[in-house]
Amino acid sequence: MHAARRQDRALWPRGFQTFALFVRNLSDINPRADRPAPRDPAARPPGLRNFGATCYLNSLLQIWFHNHDLRAAVFAAADDDPHSILAALARCFAHMQLAVLPVLVPDALIELMHLERTVQQDALEFSKLLTSLVESAIGPQTPAPGGRPAFSSLIQGSHEYATQCKGCLAESSQRGVFLELEMDIMGRSLLTDCIQAFLAEETLDGANQYWCSACSAKQDAARRIRLLTLPSVLNFQITRFRFDPRLMLKKKVNSPVRFPKQIDMSPFVQGAAPGSLVYDLRAVLLHKGFSANSGHYVARVFSPEHASWFELDDETVVNMGTPSFQLAADSDALDASAASASDSTGGEKPSGAKRKRGSTQPLSKRQAGTPGREREQDADGDQLSSGSHLFSSNSAYLIVYVKTDSPGAPPHTPAVPPAVPDWLADEVATANKAFLESIQRESDRIEAARKIFQERAEAWQRVFDCWSVSDDKSAKTPSVYIVASELTAAVRCEVSAPDAKAKAGKNEPMAPTTPDPNQAPTLAQSPSADAQSVLRPIPPRVMSNSEVVCEHGGLHPAKIWMTKRITEPAYEMMCKLGYTASPELRTRDICRKCFESASSEGEAAHQRAQDLKFVISNLASHDPSRPGYFIPKAWLNALRKKSAAESPIPDIAPFVGDVWCPHGSLSIHATNRTLISAKAFDRLAELVPGLSLPRETDRECAPCISEYMDKVESLQPARDRAEQEQSLLKRLADKRTIRLVSGRTYFAVPSSYLTEWRRFLKTPLDKAPPRDIDTQKLVCSEHSGLLYDLDTDNIKESVVTFVTHDEWQALSAAYSLNGPAVEVRLADPASGQRYECGPRTCWECRLARVLDYDKAEIQIVKRRVQKSGGGAPDDASRDEAADSTTPSAAPRPSPPRTEDMDAGEAHDGQPGIADEPKARRSSPAQPAPLSERALPDAAPAVRTSKRRLTERSVFASVTPDMSVMDLKVKIMPFFHVPPLYQRLFLHGIELSSDIATMREIQTFKASWDLMGSARSLGRAVATGNS
């Protein structure tokens, strides 16, 4: 009963907290709380839904949409053909211009172009594809209304390749068209310098001489590119990715590029009048990421109709105010030598900050006071001769300029957007009306639900106010007992009901796909759920008390602690709310029979505990007139534990062999028994009826003694052999390590053999010596080559142990050899190897052994590097400085030790893989793992110190067919880093291919590194090798 009162007092705070949660959830039912408000098209542009890897499409659509001439050309040529890509693009632009949805879905365009939604594509390659499709649909000479230029003149310029023979000065040329100009930024940072290098003269001499048709011979020649005409929309492609022939992979170039807000292209175009080709900066496409095969695209675009710059990151739209093109990694690169570099945020979204989808936030608020922002203002302070400000970016991939007829500052007043065709405007108006009506229905539905649940909240408040039973009137207060877990479930059901029903409406997608192709494919209706589903009352709930009902049909007194006792008025109010208990249990229903039985069992258990305490306290109370008794030590230890609790006495049957031998006499194993007094035995015999223990005066069994002596005599040669071998091979017996010396020969012995040999030395009477030295398990049967690479495999003592020449002679003399002798020597340091062995490693069979597993466990370690030091990085090292997560070089191998090779332990008899030297990775005998990219080496010009800090590590199970992406998804909940921002390394080599399997990259029991992005973690992090 006391336990029931304690439970009654303990449950009230829990009920109060639950009710507080209930009221808080009611206040959270806001029809606009988690749903973005309808967008005002005149205030900001819309966001675009990312289907997983469609950021490249969204960024290009935003750049095209905010060019009024391009938008007008698309509107002029489009029709209402549901299967036309041009019509889908026009429909998308129409909804982006007029729809009130904050986030739109370009699903029709994705379906018509057959794009894979989860596969990343290069943005510029896709731009060329989209341009060719639109141009073929529009036609080359279709003009746009309002005097706007044709589509082809907007995006297409012309140039010629001119080659002049230096012998006869004859010149040949070939004209062509271009969509963008490719700028090589290696060795230069200014955009104008890149243009001059692009147009610079190239000399053809030596093996590259030009065949001159006039001279009929190969001659030295000069070749150059001449710009003839420029399009209205001038695109500069920044060469960010270079092919590395050594690694056979693309590497990203993080060098900064500096470009003006306004650029005069007339000096670069043949025959152009000065000042006739002035272009204003209108958009920059940024690539966020570390690899050419992954990353994220973000567009920062000037919107003419809003007269402001915006950052367009899929669903998120940010009003930038002042344009900025530095990402967080760019800011770190700009100030690698500054002490405040670790705090830079650039223009990125803060990690962990939850912003409503489609919301707008001024960029200046996020950048105010940050060192990165101040640095960019300084960088922007540089000026060209024209007076234009310079922007700097390490992530700019595409820079878009638009020709202006009035050179000067960008307009500060919104421009009038192109007119939307009537058939598209009507379609958008219909969709807007349906969307606004759905929002109103949702608001009405949730308001009605709020009223219903508010009434129930007030009713539950009255229940909580009167359901506790006061201690001073506990016996007289009419009350009902309800299982606490059932009562808690009822309250939680009441709490979750409004929350779940409200969120059912709040979590509806703002822009689901439209099934009908004739309807707006980029604007999806938000269907409202049936209002009756929310207004329907909660069904009655029965709280079961069956688990506390005894066999007699009453309330079991030993289970009252499982119940909550509430007053009768509170229970009646709960019944009106639809909650009843079955069966209803009151104070009069407490079972008397069970109470009496429990009382007697409790008294018996208490008496048993007292008797055990008496036995324990009188173990050594020996009476000289009465001999003691031998008791099993293990059973006595179990009795000591039971004496502290009212628990049953453990059975003695498993311990009888410790005091009685098979012949029924006292056992000869004296270490397994102990002596207790006769006084303690008498009390123990009362607790354990039929207890029989040998007396102190009993003699040990003579037959057992005779058998033991015969065994000792027969095994005496084994003992002598063990002592002799231990004296000869004391270092191996004591498991002491040795340091290998150059010029000496050592031998590899299976560690399993030495383990069995040491057991024999320890207990020669019980353990037999090993049969032979089985080195056959170390070599393959097909080629007789070694199954392990001693340089890289983590074999430690789990596979082999090195012994000296003298030790090998002693072992081979005492035991037969099953297999070849494996000789080991230290290799010449110039060879790049640590060991030379004979027989040599069989790489084919070794690889088959490493990959022969069904499931393995690997350790993944997340590291971060703290940088300190001074010195300004040069251009060659700035690429690395921009990447705040660049790891340091792999550690040098430690001096070789016999039983202490660098790596972790083996798994299921298979070794792990240690850090492999570069010379071994490039050896043709062992091909390098697939899909790997080498980390950039540290720049020698920068003096830095790196301190590796372990953030967190986790062990993960992998299978041979598991891909790198599967592993990234698996470890994402442990490190809280999305797969997009993870960088995995094996032996200092990045696993850049997400589709590569564990079998392909030869992964087994290896130490991996996880690189978390500073953007996703909310702070600058870096990695090191585990």
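For the stretch 600-663, what is the accessible area per residue in Å² when the probe is 1.4 Å?
Value returned for the stretch 600-663: 57 Å² of accessible area per residue.
For a quick check of your reading of the filter: which trypsin sites (Lys or Arg not before Pro) in the stretch 191-258 sit in a DSSP loop and have no more than 12 other Cβ atoms within 10 Å?
Within the stretch 191-258, the qualifying trypsin sites (Lys or Arg not before Pro) (loop, at most 12 other Cβ atoms within 10 Å) are Arg246.
Taking the Cα centre of each part, how many Å lie between the stretch 691-708 and the stretch 225-293?
98 Å
For the stretch 684-840, what mean projected area does the convex hull of the alpha carbons give, in nm²?
Result: 15.9 nm².
GluC sites (Glu not before Pro), restricted to the stretch 782-830: which are DSSP loop and have at most 11 other Cβ atoms within 10 Å? Can you show the working numbers first?
Numbers: sites: Glu782, Glu797, Glu807, Glu823; in loops: Glu782.
Qualifying residues, ordered by number: Glu782.
May I ask you to compute the full-extension gain from Tyr708 to Ser136, defined as 0.36 nm times their residue separation minus their alpha-carbon distance, rounded to one decimal in nm? Present the calculation step by step, with values, prior to reporting the outcome.
Values: separation 572, 0.36 × 572 = 205.92 nm, distance 10.03 nm.
Here the answer is 195.9 nm.
When N counts the residues of the stretch 543-587, how does its alpha-carbon radius of gyration compare numerically with 2.2 N^0.38 Å, as a ratio?
1.17
For the stretch 254-261, just list the computed ³J(HN,Hα) in residue order, Karplus coefficients 6.51, -1.76 and 1.60, θ = phi - 60°, integers in Hz, with x standing in for Gly and Pro.
9, 5, x, 10, 10, 9, x, 6
Tell me, what does the Kirkwood hydrodynamic radius of the stretch 80-180 come to in angstroms if you use every pair of distinct C-alpha atoms?
Answer for the stretch 80-180: a Kirkwood hydrodynamic radius of 16.9 Å.
Report Rg(Cα)/(2.2 N^0.38 Å) for the stretch 641-711, keeping two decimals. It would help to have the intermediate numbers written out before the result.
Numbers: Rg = 14.4 Å, N = 71, 2.2 N^0.38 = 11.1 Å.
Against the compact-globule rule of thumb, the ratio is 1.30.
Expressed as a rounded percentage, what relative contact order does the stretch 184-229 have, with Cα pairs under 8 Å and six or more residues apart? Mind showing how you got there, number by number?
Working: 43 pairs, mean separation 15.6, N = 46.
For the stretch 184-229, the relative contact order is 34 percent.
Could you state, as a whole-number percent, how many of the C-alpha pairs of the stretch 684-763 are farther apart than 15 Å?
It works out to 75 percent of all Cα pairs.
Taking square-rooted eigenvalues a ≥ b ≥ c of the alpha carbon gyration tensor, is the stretch 577-723 rounded, prolate or oblate, where a/c under 1.5 means rounded and, failing that, a/b exceeding b/c means prolate?
Verdict is prolate for the stretch 577-723.
If we sort 86-92, 119-125 on the protection proxy, mean other Cβ atoms within 10 Å, highest first, what's the order? Present the calculation step by step, with values, prior to reporting the outcome.
Details: 86-92: 24.7, 119-125: 16.0.
Put in order of decreasing packing, that is 86-92, 119-125.
Once R0 is set to 25 Å, what does the formula 1/(1 + (r/R0)^6) return for the Cβ-Cβ distance between Gln859 and His976, expressed as a FRET efficiency to the nearest 0.05?
Details: r = 18 Å, r/R0 = 0.73.
The computed FRET efficiency comes out at 0.85.
Using a/c under 1.5 as the rounded threshold, could you call the stretch 36-82 rounded, prolate or oblate? The axes a ≥ b ≥ c are square roots of the C-alpha gyration tensor eigenvalues, and prolate needs a/b larger than b/c, oblate otherwise.
Here the stretch 36-82 falls in the oblate category.
Go through the stretch 735-835 and name the trypsin sites (Lys or Arg not before Pro) that are in a DSSP coil and have 13 or fewer other Cβ atoms within 10 Å of their Cβ.
In loop regions of the stretch 735-835 (DSSP not H, G, I, E or B), the sparsely surrounded trypsin sites (Lys or Arg not before Pro) are Lys735, Arg736, Arg744, Arg771.
With each label point set 7 Å from Cα along the Cα-Cβ vector, what nm distance links Asp734 and His663?
4.3 nm
Which order do peptides 684-691, 567-574, 542-549 fall in by mean Cβ count within 10 Å, highest first?
Ranked from most to least packed, the peptides come out as 567-574, 542-549, 684-691.
Output the Cα-based Rg and Dmax of the stretch 147-281 in Å, rounding Rg to one decimal and Dmax to a whole number.
Final numbers for Rg and Dmax: 17.6, 53 Å.
The values are calculated or read from the model by the stated rules, or taken from the named source; none is laboratory data. Please read these numbers as outputs of a predicted model, since none were measured by experiment. Backbone-built Cβ (ideal geometry, glycine too); neighbour counts: all protein chains shown. These area figures cover heavy atoms from the full protein model, side chains too; ligands, DNA and RNA do not enter into them. Shrake-Rupley method; radii C 1.70, N 1.55, O 1.52, S 1.80 Å.
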